[in-house]
Amino acid sequence: DPAILFDLGGKFDKSFNESAYNGAERWATETGGSYAEVEIQSDAQREQAIRRFAESGANPIVMAGFSWATPLAEVAADYPDTKFAIIDMVVDAPNVRSVVFNEHEGSYLVGMMAAMASESGTVSFVGGMDIPLIRKFACGYAQGAMAVNPDVTVIANMTGTTPAAWNDPVKGSELTLAQISQGSDVVFAAAGGTGVGVLQTAADEDILSIGVDANQNYLHPGEVLTSMLKRVDNAVYEAFTQGTDLETGFNVMGIANEGVGYALDEFNAELVTADMQAAVDAAAASIASGELVVHDYTADETCPALSF
Amino acid sequence: MDFATLLQMLDATLRLATPLLLACLAGLFSERAGIFDIGLEGKMLAAAFLSAAIAAVTGNVWLGLLAGIGASMILSAVHGLASITFRGNQLISGVAINFLAAGLTVVIAQSWFAQGGRTPQLSGDARFNPIELPFAEALQNVPVLGPIYYELISGHTILVYVALLIVPLTWWILFQTRFGLRLRAVGENPAAVDTAGVSVIWLRFAAVGICGVLCGIAGAYLATALQAGFVKDMSAGRGYIALAALIFAKWRPWYALYACLLFGFLQAMSLRSDVVANVVGFQVNGQFLDVLPYILTVVILAGFVGKAIPPRAGGEPYVKER
Amino acid sequence: MDVMPKWADVVLIPLISILLAAILSALVILAIGENPWAALKLMVSGALGSTYGWGYTLYYATNFIFTGLAVAIAFHARLFNIGGEGQALIGGLGVAVICLFIPWPHWSLALLGSAIGAALFGAAWAAIPAFLQAKRGSHIVITTIMFNFIAAAVLNYFLIGALKAPGMEPATAKFPEATHLPSFQDMFNFGETTFFRGAPANVTFFVAIAACLFLWILIWKTRLGYELRSFGHSESAAKYAGISPTKIIMVTMLISGGLAGMMAINNVQGEAERLVLNAVEGAGFIGIAVALMGRSHPFGVLLAALLFGFLYQGGAELALWTSIPRELIIVIQALVILFTGALDNMVRMPLERLFLAMRRAKT
Amino acid sequence: MSDTAPAIELKGISKAFGPVQANKDISIRVMPGTIHGIIGENGAGKSTLMSILYGFYKADKGEIFIAGKKTSIPDSQAAIAAGIGMVFQHFKLVENFTVLENVVLGAEDSGLLRPSLARARRELKSLAEEYELNVDPDALIEEVGVGMQQRVEILKALYRKADILILDEPTGVLTPAEADHLFRILENLKREGKTIILITHKLREIMEITDTVSVMRRGEMTATVKTSETSPPALAELMVGRKVLLRVDKAPAQIGRKILEVKDLNVTDSKGVHRLKGVSFDVHAGEILGIAGVAGNGQSELLEVLGGYEKATGSIKVNGDEIDLTGAKSNGQSRRARGISHVPEDRQREGLIMDFQAWENTAFGYHHDARYQKNRFLMDNAAIRKDTEEKMARFDVRPPDPSLAAKSFSGGNQQKIVLAREIERNPDLLLIGQPTRGVDIGAIEFIHQQIVALRDQGKAILLVSVELEEILSLSDRIAVMFDGKIMGERMPQDTDEKELGLLMAGMTTQPRGPLHEAVEAQLATAGSGTAKEV
Ligand SMILES: Nc1ncnc2c1ncn2[C@@H]1O[C@H](COP(=O)(O)OP(=O)(O)OP(=O)(O)O)[C@@H](O)[C@H]1O
Ligand SMILES: Nc1ncnc2c1ncn2[C@@H]1O[C@H](COP(=O)(O)OP(=O)(O)OP(=O)(O)O)[C@@H](O)[C@H]1O
Ligand SMILES: [Mg+2]
Ligand SMILES: [Mg+2]
């Protein structure tokens, strides 16, 4: 059986981990198979969890989150017959598949939509913990916004610097209010559980919001402009489906292979205008073709469109 | 900083100060009666959870509020049992309560809702909505006072106004009533109360009970007014800040209001690093703004803002002796 | 005249308290629809059923020995150090600096260096609350809580700044090979059979045992220990005897902070081999329970730390193989702290009555 | 005996605290309108018995009758309802409340405070006139003297309409003049028909004011007699169970060189209160200087400065060498190194660590001694134990078990442990505060002998005591302290309790008389508040 290891946020975080969970569930319902799973309690248990699953014969073992990289690098060699997949980080081992996403590309798309939907000319971003990965989101978002409106003001705030920042909706909500007072009328939350507060406040204050990772449009129908999709579910689903024959190596999920994108469904259909859709789809196409290159913050830790 | 931004920040200050104020007044009752309580944090958390849970299930925020108060009262009872009845260590009891709340809320939330330790999002009548004060809209355009009334004073949830009203109420109870006199006395010298024919145990339980009610409101405010649902650890250290504010306030109700507004303002400030940067003229480190309340607390405790003398019998279990 | 024999106070009361905590925990497990008996069996087999399980149990226990000793020594001087968490975090910073910036030739020297670094950093973090307590009477409970928050911010500051390794994680680079401490797996590898395979327990466990011994001697056999205990029992008497409260508070808290800091050798250098955010994971708070249960005696702390190591590892196994949420372990810890620390009189009072009745019956 | 019912009747009261049987089957009757005295050693169970009557403790067994009616008194509320008021040995007042608030506390007549306070203010006024109980209703308790505090306690009882008033050692903290005032109040109350129970250690007071007296010993009531039919020696014998020598036998002092020289000592405490105001005196070898005074007039601070744990300005010389009073090295350790030993006033708070075993307490303060060390790092616990055994034998400490915790010894034996530790050091100067406080008459004899023996070895002794009798019988010279100043010095043979009492009261309550002028003249010649060298 395959196994999945969630990150500290827990599998019901409505975004990243939940997306991974959905992928696993999709596989389970489609194939009728069963899988092992664990939500770890602390960083020290990562290695333990991987080993325990490997020893119990689980294969492949998929882990969601960049923090798994270090323990996996340690352990992978001890279990040469087990296949591993890691999401959001690269681990260089013969039996590991590394899946990374071009979040900056997806963020670019929703940034464009934000700028187009904005009436005030100010859009904003609420990040979770201030780490390069989240800055990557913010930077892509700002680039997208500026692409449609060079005069747009992008306000970016991070919730905090501890892991608690993933789970502080109160602060997320206050940040959103502050951003609204600065004129923002579209806010993009890439902040795990904190984003729940962001989306809630945006809905309360009647501005638009943008969800992240999973499709969060349903949370506040008609008030969430779109969600930046990071198809962690696909990555998990694919890994599970390939099973013990998991194709190892480096795997980039970008716009080109539908690893990232934006969400369009019945909940936001009225919000997304045809113009918007056209512009975004065009941009997506040129990104996919390599014509348009969105700067990746993590490549050099700089951002042309935003200063942190 | 322009006037509108200032109003925004003060508005946020009021919102963020409210749970601090409720918790601080809760601590005030308890500590004035001689029971130290570092379990404010845990009580708030438990109340936040149960209020959100019940509000989500029943769709009625008032039932949620009652449930939140109930949860907090149960922990208060545990604290009372440990520190009054069994004369245990009040600090340790408080630490245990914080742990208990941190764990139980998530375990129960997971078992009830299976949403990773969250409650469902609340909407409509399941949460406290802002209330518009009379004429707010109409007076909005009166210069200076209009915006202050409309932006700052009007448009909060009922619990914000309740919290503000509890300040004079607390003052009145403590200093104008028989109960208040006895409560203050029991925190200063329980033997005096005992020999005057009043039950120390009863008084202290009453104080701890009031503490539970106020913490319950504070927690319910977090989950059903400030936010729309419970997430784990959502009290986020507010109980400790409230304690710091209590010391700052020297255990007095009006000062408690000022102290909580100050800490609320600091929190609002850490959310608006851009404004801070504008005002001071350079970018201030975010971590620094975040921990400013904690640093300030240490500075206050160091006595640079005047020495705070706690109730004399505070922290000590009452043992009869001649 | 004591009502109860000493063994009852030292052994019986903690045992009954743990039993009560266990019963309540079982009720919680029942309430969320799981089987407590099966859970217990899983915990026991997972934590003690294999050398692998032991390797984890002992690893956690090592953490708790350090933080438990830190709280215990402070208790002896009647200081309540809730700051173990922050001190251990900053201790980690010390270990990271020592391991990353000094080219160590051999792990044994690196261990010595990092032990000193961890202790110094941890002690430094305890020094300010200690100073404020000694000189300004600021309540050390509140100041150390505040310093926990501040420590987390300081650590962040470095892990996303000066010490951050390239990449996403707010963590330092992996420490150089020469600083890697031998794990139990390395130490107990006898050709055919490998014990403790993959478990993080490492040589630091023996450092922890040595620390217990050291503290036992310090508390009961030295002048400093004598002064410290005197101060803890009666500040007024200590003043009369010419024992400086400032000195005792400072020295005790420095030792306490140093011990808490030394936990970092185990988790930072021994296990992770790099410094990550939130490396302490609540061990500083567990130290309070450990010290309480161990009655602040170094060997009691050792036993209590083993118990909590068992709880931690057993709890991890629970989370791994059942749907009992990981927070259940926090609940169990809370109950243990509550019953051993705050409700101990609930057990003591009836026991005392019992012993008194027994004595009356005898005479 | 008249045929009226007794105001109070206790039948077969027993009470145990854990293994300690504090009261054993005690019966007693007190007639209305009388003053009944209770005496007994420390720990005899007097306070326990009264606390039971006041509902503060619950008796294990026994019955209480008030005015002939069987009454159950489960708590103080019930006692108050039964018309009982009690003034505890340690006052039960809220320090930062006003007098009025303290009086009202627990006896408010409505939920609101204002009307209660107003009524209490009126009532206090009439009570004050009736019984000479004047107090300032708006003064804070922490700012008034103990005499006033005691009056507040009495007012509390009267405000609650008490007919029975229990006073537990009320005079311990009072000046003789204040004590006289108290007794006048009690006489007034008695005249109004109130019943009073008075616990005291002072046989003189028993003889002076009570109508009947009960003696307690080891938890039992050994006798109840009419005061007019007994005498102090008879009472002492009833208390201890054997004949006691109430006098100290000592040879004339052989005064030697000056050991201690104190000049212009000033102390201001942490609250900014000026505790010592220019104190100067000397103590010589072979001499006991007694410092008399009501507790709280600076004696404690004086001992603390000399003992090294209170900072002061001025000068202290020991054996001619100046002692550092403010530096970091000014502490108990450095004083001991100078040959100063110190038996502190409060053995439980300062002299001993109650949770330490006896042997650990023997090293207390001397734990740096070379002979207690095994090597540079470790203490030699075995050597300390051995030393303790020897000391216990020499001072007849019972039980002679070095492993017993200090708290397990009785008061007298605790004091012996401290004395053994300090006297056996063979100090040049012994500071000794309240050597016999809380110690029974038998042990007092022994302790006094030890002090005199040390003096006869040519050591200097500074004795601080609030017991005038003790000061008069032990001292070779007496200095009286009041309000942080030395009011005068006297030779014991030239003075009496009355004169010392006036000095202890600062002479402010008495009209000016020849004595007043004489002392003032002395003060003037000695300059800045210092008394004449005798
Ligand atoms: N608070 C207490 N708890 C337990 N035991 C006590 C307590 N106080 C006193 N005792 C015990 O009660 C006994 C009597 O103590 P107490 O102080 O009354 O002695 P005493 O009879 O006055 O003797 P002496 O004055 O001659 O030393 C002592 O043996 C002591 O161990
Ligand atoms: N709360 C208590 N807990 C334990 N033992 C107590 C307590 N109160 C009194 N005792 C013990 O009971 C005995 C009687 O004490 P009590 O205070 O009644 O004596 P007393 O005659 O008033 O002495 P004193 O002259 O010192 O006031 C003593 O041995 C004392 O130690
Ligand atoms: Mg005695
Ligand atoms: Mg008494």
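Okay, here's what the table says:
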| quantity | calculated |
| --- | --- |
| Entries of D:LYS391/D:LYS498; C:LYS362/D:LYS243; C:LYS362/D:LYS69; C:LYS239/D:LYS263; A:LYS171/B:LYS43; D:LYS58/D:LYS194 with Cα pairs more than 29 Å apart | D:LYS391/D:LYS498; C:LYS362/D:LYS243; C:LYS362/D:LYS69 |
| Sequence-distant aspartates and glutamates (8 or more away, or on other chains) whose Cα lies within less than 12 Å of B:LYS232 | A:ASP13, A:ASP168, C:GLU327 |
| Sites A:ASP281 and A:THR31 - FRET efficiency at Förster radius 41 Å, r taken between beta-carbons, to 0.05 | 0.80 |
| Buried area at the D-B interface (accessible, heavy atoms, 1.4 Å probe, summed, Å²) | 2400 |
| Farthest toward positive dipole pole in the protein assembly as shown [+1 Lys/Arg, -1 Asp/Glu at C-beta], among D:ILE8, A:ALA115, D:ILE451 | D:ILE451 |
| 1.4 Å probe accessible area per residue over chain B, in Å² | 34 |
| Region D:8-240, accessible area per residue, ligands and nucleic acids excluded (1.4 Å, Å²) | 39 |
| Accessible surface of chain C [probe 1.4 Å, protein heavy atoms]: carbon and sulfur percent | 71 |
| Distance between region D:305-368 and region C:96-167 - C-alpha centres, whole angstrom | 38 |
| Gyration tensor verdict on region C:146-229 (Cα atoms; rounded if a/c is under 1.5, prolate if a/b is larger than b/c, oblate otherwise) | oblate |
| Heavy-atom accessible area, 1.4 Å probe, ligands and nucleic acids excluded: residues of region C:148-186 down by at least 50 Å² from chain alone | C:PHE149, C:ILE150, C:ASN156, C:ILE160, C:MET168, C:GLU169 |
| Aspartates and glutamates whose Cα lies under 15 Å from that of D:LYS317, excluding same-chain neighbours fewer than 8 positions away | D:GLU261, D:ASP264, D:ASP282, D:ASP428 |
| Those residues of region B:259-303 for which accessible area with every protein chain present is at least 40 Å² below the isolated value (1.4 Å probe) | B:LEU271, B:ARG272, B:GLN287, B:ASP290, B:VAL291, B:TYR294, B:VAL298, B:LEU301, B:ALA302 |
| Isolated Cys in the protein assembly as shown, by beta carbon distance under 4.7 Å | B:CYS24, B:CYS211, B:CYS215, B:CYS260, C:CYS99, C:CYS212 |
| Proximal aspartates and glutamates relative to D:LYS61, as straight alpha-carbon distance under 15 Å, when same-chain residues fewer than 8 apart are discounted | D:GLU9, D:ASP25, D:GLU220 |
| Interface burial for C against B (accessible surface, 1.4 Å probe, total of both chains, Å², rounded to 100) | 3500 |
| Net charge, D:THR210 excluded, C-beta distance under 13 Å - Lys, Arg +1, Asp, Glu -1 | -1 |
| Accessible area in square angstrom per residue, region C:56-304, 1.4 angstrom probe | 31 |
| Charge sum, other residues only, whose C-beta stays under 14 Å from C:VAL347's C-beta, Lys/Arg counted +1 and Asp/Glu -1 | +1 |
| Angle between chain B longest axis and helix B:178-188 axis [Cα atoms, degrees, rounded to 10] | 70 |
| Alpha-carbon centroids, region C:245-310 and region C:1-68: separation in whole Å | 18 |
| Cross-link pairs C:LYS6/D:LYS11; D:LYS92/D:LYS161; D:LYS11/D:LYS92 - those with Cα-Cα distance over 30 Å | C:LYS6/D:LYS11 |
| Heavy-atom accessible surface of region B:76-227: percent carbon and sulfur, 1.4 Å | 69 |
| Interface size B-A, as summed buried accessible area [1.4 Å probe, Å², nearest 100] | 2100 |
| Amide hydrogen neighbours beyond the local backbone of D:LYS459, cut-off 5 Å, H modeled | D:GLY286 |
| Residues of region D:348-368 buried by at least 30 Å² on assembly (accessible area, 1.4 Å probe, chain alone as reference) | D:ARG349, D:GLU350, D:ILE353, D:ASP355, D:PHE356, D:GLU360, D:PHE364, D:HIS367, D:HIS368 |
| Euclidean distance between Cα centres, region B:77-91 to region B:251-290, Å | 35 |
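The values are calculated or read from the model by the stated rules, or taken from the named source; none is laboratory data. Here the structure is a predicted model, which is why all the values come from computation and not from measurement. Positions of Cβ are generated from backbone atoms using ideal geometry, with glycine treated the same way; all protein chains shown enter the neighbour counts. When the accessible area is computed, the model is the full protein with side chains, heavy atoms only, and any ligands, DNA or RNA have been set aside. Shrake-Rupley method; radii C 1.70, N 1.55, O 1.52, S 1.80 Å.
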